[in-house]
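Note sheet for the following structure.
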């Protein structure tokens, strides 16, 4: 926080990977981080560093605050749906499955192999601090208050997040129109891909298929039993989290090819 | 189906592990299995073989139809909540994470190790046929129509299911009262355990900790951000699925100790 | 070491799980542990706590020093071969594959899940301190100097060791005679099992099949290309290491059933 | 075999990924493959497609027979040692650890996830047919008969082989001289790397660190207890097996940069 303040007084353009400047509201920051923000007046100078949502603002930004992997995996599949007023904003359930590398480099009992291997572990079923960012970004898109249910799960995996989002539809929609909404919303986003096949074993997004890449794969399915739309995303948390976002934002800020340094294929099988 | 019909004419007591007699309604059977039931008149003679819900009926039953692992992992944590009218029946989201052994013994591409290992795969995000059973059993408990959103995910795991259930509360409730509801509902159920710790890495149910056993571990957490109650269960699909259920039902039907042959400890770490 | 000394002055019978009293020679202790033994005169009072080799001595012992998992997995399959002068003592190669729980409870980078998962890691290809014990025990059996090549490998596994031992035969032998040697040597050893099938996928010992148990599964195969005999063992390092050995030794020391508390089945699949 | 014969009559240059033309001797082919070679007269026209050993011959070859992953992982670390007459040719023990993708695309019980996951399985401890190729190539280098002990093990891993080779030294050698032998032998081989660190957790070759690449990482350690040299290699079987070899050979045959299409970095952690 102090560094960012001092850098703002220089000519430098800043890409911040911490959570300090992701919030537009100092109250929200205090609510989720349990401490007052020291420089609330600076919050309005920051741009939320998710290129798929704020590309033009990032290009001109002095300070970009890049989101981490979990909010990325939730916001990207939801953004087109809330923008298009398609879903019930009161009942959005985000259920994430996440690999061990998301916990960082520090070894402790929770990442000790005999305990972590083979785990399917709910570690923060309610109250996760990234909820605040997700609600903020979706709220901006739809101009309404959004409240999300978000529960991440640690599973046996090193790299990767798969996020399943259960939404309830406000009105009926056809599959072809869901396709149109996504394709239109992410028309100029090279790292958004769609995975939705009728057969085979890779019909929906899967972390294995994005490992090592900056892609966010998105898929969906309509439910005929209840008016529900399930949307799914897969990312590699070590790339399309704050790290890959930082590179992608830097490319935009310095008028470079957005894909530079990030355009790598993935392995299969992995 | 034909075997069951012929056995019903004998003195035998029948424990059926197929899906043929799990439904009370022939229409529901036809809806989820895509074919007409050949003996709709026999459906009323079957008891749904989940001992925690139908113990007395099972004891006297001529025909018991044991449910499989996925419905078990969903119905058990939900039953006390719907019975006590605690949750919004229109917005129940069941998100399951499941090991490879649930797919059975037959090898195909979906279980081929290079494809299946490290997978986080949504294979039936909507329309899974076990939804019908879950809706039936919860509906019976609450005397209202229940519609559930159910999405299972194949993850890297051999044995085990973890099911996370996202529910919305009809009215505020205290944690102590959630405890009371569960403890009262499952007062005489030796295979129901609760896992809910304030600290440590095993705060909620986890498949590793029930591997090889007939236990259904249940945990929960209230959400202070929105009126939500998250309930979680963990079972070993190869025991507390139709197989373990069959043994437990047999014990009840023949007036044996309900736990006989099933009272084994689990390993840690596993 | 000091505790053992003080306990030896009491009536207590002692089962030591440390490495302090496993060696018969203070020189060997100093060689492998890099420090002088404080009570070399006590070494002769200890019995090496491997019941399959020293059952009668353990029954009467005042002090039993239980070996850990790696020496157990190497000594048991080799003991019948060296005792029967079957193999070249100059060229014994022991290649072990071992799970993460062998490293104990303390979390560090080497057991940090993102680094440890999927590892196939040689961490001590030469100079492992357990070589000394293996050479001692085999030397006692054959009354000759034995030198072994021993290299353990950390692999993706929580519980279990598989040890492959490559031996060169002194003279030709038929398969049936290898069987006889093993069956005769371990005639009264309830925890030794043999795994050697002509077909199927479980033809040789495998850690999965002993997980949670005190069994040491042994298998072998003769090589027709060169005069070689490959012997293999599988144990669960958390049972048939020093822990399970301690229980088995206690049973013997107090005239209890050797199998008491240890006679549990294993899971399949696991 | 028939295709190769017919292609040899054209102007085409042939890269064969089958085992048909890897042997120089029709007798050896018959011994290991259990059937007579149909065109023994063509064997002398083929070059064994391991670029690190036969680069000049491959450049001019009409027919190149690329070896698979297991022989590659064994021959490359051994070649400098046998060429320099450093090791006892009678006691070479090759112990390989291999991932599931080496078994190919076809699903069966041995690759069925519930059986294959967590496996440490010896499936061919003696008599593996790739022994013939290894003995041939090492014999050519040293002009002596070489007989190897070779035992592969299936372990929990998708991509990758780690091969540990236990050799006995003919005479004492210093570590610095082992380094010189390797560096000199592979002076112009871009895909050979050395991994040998004094500390840290990545001190020796490991499959994780070559996943997705054409590298063969080599490491070694001298044993001070007995005159032994342990050499280790790690490759990705899906690249530096016959597939990557074929590309590398094609590059050489057509005077392209040997690294073309193969010069990709690996992920960490993976």
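Where a number appears in this text, it was derived from the coordinates with a stated rule and is not lab data. Small disclaimer: the values here were computed from a predicted structure and weren't measured. Please note: Cβ atoms are built from the backbone with ideal geometry, for glycine as well, and neighbour counts cover all protein chains shown.
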Taking alpha-carbon centroids only, the stretch A:191-259 lies from the stretch B:114-162 a number of Å equal to 23
homo-copy label distances at residue B:170 (7 angstrom along Cα-Cβ), nm, one dp, ascending, are 2.8, 8.3, 8.8
Cα-based Rg then Dmax for chain A, in Å, read 18.3, 58
Length gained if residue C:144 through residue C:85 is fully extended, taking 0.36 nm per residue and subtracting the Cα-Cα distance, is 20.2 nm
Cα extents of the stretch D:76-202 per principal axis, largest first, Å, are 47, 38, 26
Percent of all Cα-Cα pairs per 5 Å bin for the stretch D:190-270, counting from 0 up to the last occupied bin, reads 3, 15, 21, 21, 15, 11, 8, 5, 2, 0
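Please report D:122, B:110 as a ranked list, fewest other C-beta atoms within 10 angstrom at the top and most at the bottom.
Ascending Cβ contact count within 10 Å gives the list B:110, D:122.
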Expected max-MSF residue from A:24, A:45, A:159 in the GNM of chain A (alpha carbon, under 10 Å) is A:45
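Note down the Stokes-Einstein diffusion coefficient of the stretch C:140-254 in µm²/s, whole number, using a Kirkwood radius over alpha carbon pairs, 37 °C, and 0.692 mPa s.
On the way: Rh = 15.9 Å.
It comes out at roughly 207 µm²/s.
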Mean-square fluctuation maximum in Gaussian network of chain D, Cα pairs under 10 Å, restricted to D:135, D:44, D:52, hits D:44
Computed from every Cα-Cα pair in the stretch B:148-192, P(r) in 5 Å bins starting at 0 and rounded to whole percents is 5, 13, 15, 19, 19, 17, 10, 2
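Once Rh is set to the Kirkwood radius over Cα pairs, what Stokes-Einstein translational diffusion coefficient, in µm²/s, holds for the stretch A:1-48 at a temperature of 37 °C and a viscosity of 0.692 mPa s? Write out the running numbers ahead of the final one.
On the way: Rh = 11.1 Å.
Diffusion coefficient, whole number: 296 µm²/s.
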By Cβ neighbour count within 10 Å, fewest first, C:176, C:4 rank C:176, C:4
Each label sits 7 Å from Cα toward the beta-carbon; between residue C:108 and residue C:189 the label points are separated, in nm, by 3.3
Extend 7 Å from the Cα of residue A:2 along its Cα-to-C-beta direction; within the stretch A:16-43, residues with backbone N under 15 Å of that point are A:38-39
Taking every alpha carbon pair in the protein assembly as shown and sorting the distances into 20 angstrom bins from 0 up to the bin holding the longest one, the percent per bin comes out as 11, 37, 35, 16, 0
Calculated from DSSP helices alone, with each H run of at least 4 adding -39500 (n - 2.57) and the total divided by the residues of the protein assembly as shown, [θ]222 nm to the nearest 500 comes to -8500 deg cm²/dmol
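State the antiparallel share, in %, of DSSP beta bridges confined to chain B, rounding to the nearest 5.
Of those bridges, close to 60 percent are antiparallel.
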One computes Rg over Rh for the stretch B:10-123 from alpha-carbon atoms, with the Kirkwood Rh, and obtains 1.02
With the label set 7 Å along Cα→Cβ, residue C:129 is separated from its counterparts in the other copies, in nm and shortest first, by 4.1, 4.7, 5.9
Comparing A:88, A:217, A:108 in a Gaussian network model of chain A (Cα, 10 Å), the one with the largest mean-square fluctuation is A:108
Beyond 15 Å, the calculated P(r) of the stretch D:42-105 holds a percent of Cα-Cα pairs equal to 63
Inter-copy distances for residue D:7, nm, shortest first, label points 7 Å along Cα→Cβ, are 5.5, 5.8, 6.9
FRET efficiency for residue B:18 and residue B:123 from the Cβ-Cβ distance with R0 = 25 Å, rounded to 0.05, comes out at 0.70
